[in-house]
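Structure record follows, encoded as structure tokens.
Every number in this text was worked out from the coordinates using simple rules, so none of it is lab data. Since the structure is predicted, the reported quantities are computational estimates derived from the model, not experimental observations. Counting neighbours? That spans all protein chains shown, and the Cβs are built from the backbone with ideal geometry, glycine included.
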């Protein structure tokens, strides 16, 4: 590898996301030559030569925190990734979404070994970041299976299709036929709850004289619940009367459960390859996980209903159970010729099923005969993909060959919503999470096909460029065409400029098009029976809805890779993403007599509020990502320093007016009200900074990592209840000792100073449930406090 490429490789490999100790430890040839598979079709493109910003996250980075969750570990390494920990949001409390660059969780594409990962069956419909999104569940993937994570911070619909608006996260799995590890993690929060343990490991096996390899990985994880609820303080403030419903305990009682759910996880994976010949290679990847999650609904006091005391004399907290089954299989063949023609044909299957149950509850209508546990139904998502990719090296008389890439894809998707047992929905239904009714049953499917073609080349030693176009046709809403231009120019070994221009799209998910339910929600301080209706349903159309269309985007990025001094590396990447026709779940609109009469005429009774999905907003997101690293070699050790910063701001440029039918019914609440606009613009930090330092010797590694989460604002439908939250610093520390080449012992503390976000204004009693929900669900670092952990790891 020449000096120029070595310099730039170190710059990118370190400055674009690697923790410093890991980055410099891997600055040898084997890492500098690492071939990326994200954002390019060139067979031998390395990290250093990428025309778009790519973060490389290593297993060491994922293990540098006490977290056993992939999404949490990624958020600690990437300033552009936001992963809050909401509570009391039904299914979203258990399957939490992550957002990249301040955009929706479903506007980032997730790949496994370069192949599209299937969506979760979950649809986020309550008051949290990502409300209305249907995204991939990152926590189904065992961390022990991961070789590295490539994060492309750039629009890439022309290369990969729908969803790749904010960027692409490609999880590359271990594939070696030897070596492995076994680790035991133990930890708990300083408050005394949230105990966790995880047993994880991986190992590689070779067969057929080394022509075949299989790398296995697995993990068993248990997480206890946490609770940061405050005591009920309805009479604690002058002029603050008790609420007129019976949903609350006696003054001073801490009855809610606000925090992380209880979780049991089992996950396994196998990543295999076989060389049939020098020009023919087979591969297969299988991942399976089961997750048993118990989160909590709002407390029901003994006065909530006359039937409550028949089974619960002191009231009760309903438990919402989600049992997740996630399965995936990718199998394919790939090969090449001496003439530079390469091909890859694969089949990709993905399945996600979530069974819902409500426990520690009752159906008031059944009185003393009510069961205390109900099966509420299930949500399922299935994908089947056949994919063919081809590339050909062309000699155009340039210094390097031109790569022509082309291919096609056929994808079939299904989404089912299955009803629960009758007692879960008859009458008042199961308290906390009523079952899906047979009327709610959905069996939706669609298919699409896509074709693409692209050219990419190193036109000179200093200049490379690429162009890609893609056409997709969907059976349910029509076709879309997208394109991308990218370029990179190295002025010197110390300065390189890169930039891209692209347009893209995100197809409405089947869940967004089809989900329907009537359930209890907490809206502006009161409980409502809210109906969520599909945009194409008779009910929603009577209330002004239209069929969903695809979101479309236009993205621009411009970046610098710099080495201003020896061992100092800096990257700066600015971007703008314009998205038209964003798909939003409308605000929860309370009904009035005229609306109730209309709903009754359509066969809908006992609904006090409604909502539906719509294409209502155009937004513009602008931002910049800055990452720098500095290495200080010492006599028998090294000190590595990093600093990274991400800023993004989203503005709503256009908001469609509410349908005229709502005005004619006398409804004054906008279809997309202030609270929903706030989720788009203000409910996440505008900026996030990470400062890190790692000292490494032969036997010791000491790490210190400080993260600053910027201020954010939570808007309510009533402007008087808006609240801004100040920035928060979180400090993580760890120490690892290697008594031998195989063993590593680690102790550490995440948020060692027990930092907490600002509390919700005590005067906003309808927002904080009269003191029982003291923290905002949008707090980017959560609100559990300090977490202390230990780990023993053996490698071979």
Original post:
Counting alpha carbon pairs within less than 8 Å and at least 6 residues apart, what relative contact order, in whole percent, applies to the range 443-557?
Top reply: 20
Original post:
Which value results for Rg/Rh of the range 393-541 when Rg is the Cα radius of gyration and Rh the Kirkwood radius based on the inverse mean 1/r?
Top reply: 1.25
Original post:
Given 0.36 nm per residue, what is the gain on full extension from residue 274 to residue 366 after removing their alpha carbon distance, in nm?
Top reply: 27.2 nm
**OP:** Over the chain, calculate the relative contact order: mean separation of alpha carbon pairs under 8 Å at least 6 apart, over the residue count, as a percent.
**Re:** 12
Original post:
Could you give the Stokes-Einstein D for the range 437-504 in µm² per second, using the C-alpha Kirkwood radius, 20 °C, 1.002 mPa s?
Top reply: 141
Original post:
How big is the Rg/Rh ratio for the range 683-759, C-alpha atoms only, Rh by Kirkwood, two decimals?
Top reply: 1.22
**OP:** Any chance you could give the angle, 0 to 90 degrees and rounded to 10, that helix 3-15 forms with the longest Cα principal axis of the chain?
**Re:** 10
Original post:
How far, in nm, would the chain grow between residue 792 and residue 718 when pulled straight, counting 0.36 nm per residue and subtracting the alpha carbon separation?
Top reply: 21.5 nm
**OP:** Estimate the FRET efficiency between residue 596 and residue 284 by the formula 1/(1 + (r/R0)^6), using the beta-carbon distance for r and 60 Å for R0, to the nearest 0.05.
**Re:** 0.60
Subject >> Pairs of alpha carbons in the range 222-352 whose separation is greater than 23 Å (percent) >> reply: 61
**OP:** Could you tell me what percent of the DSSP beta bridges with both partners in the chain are antiparallel, to the nearest 5?
**Re:** 95
Original post:
Just how many % of Cα pairs in the chain lie over 38 Å apart, if you round to the nearest whole percent?
Top reply: 39
**OP:** Return the inverse of the average 1/r over all pairs of distinct C-alpha atoms in the range 123-223, which is the Kirkwood hydrodynamic radius, in Å to one decimal.
**Re:** 16.9
Subject >> Percentage relative contact order, the range 371-464, counting C-alpha pairs under 8 Å, at least six apart >> reply: 34
Original post:
Convex hull volume of the Cα atoms in the range 371-430, per residue, in Å³?
Top reply: 129
Original post:
How much mean residue ellipticity at 222 nm does the chain get from its helices, if each DSSP H run of length 4 or more adds -39500 (n - 2.57) and you divide by all residues, to the nearest 500 deg cm²/dmol?
Top reply: -2500 deg cm²/dmol
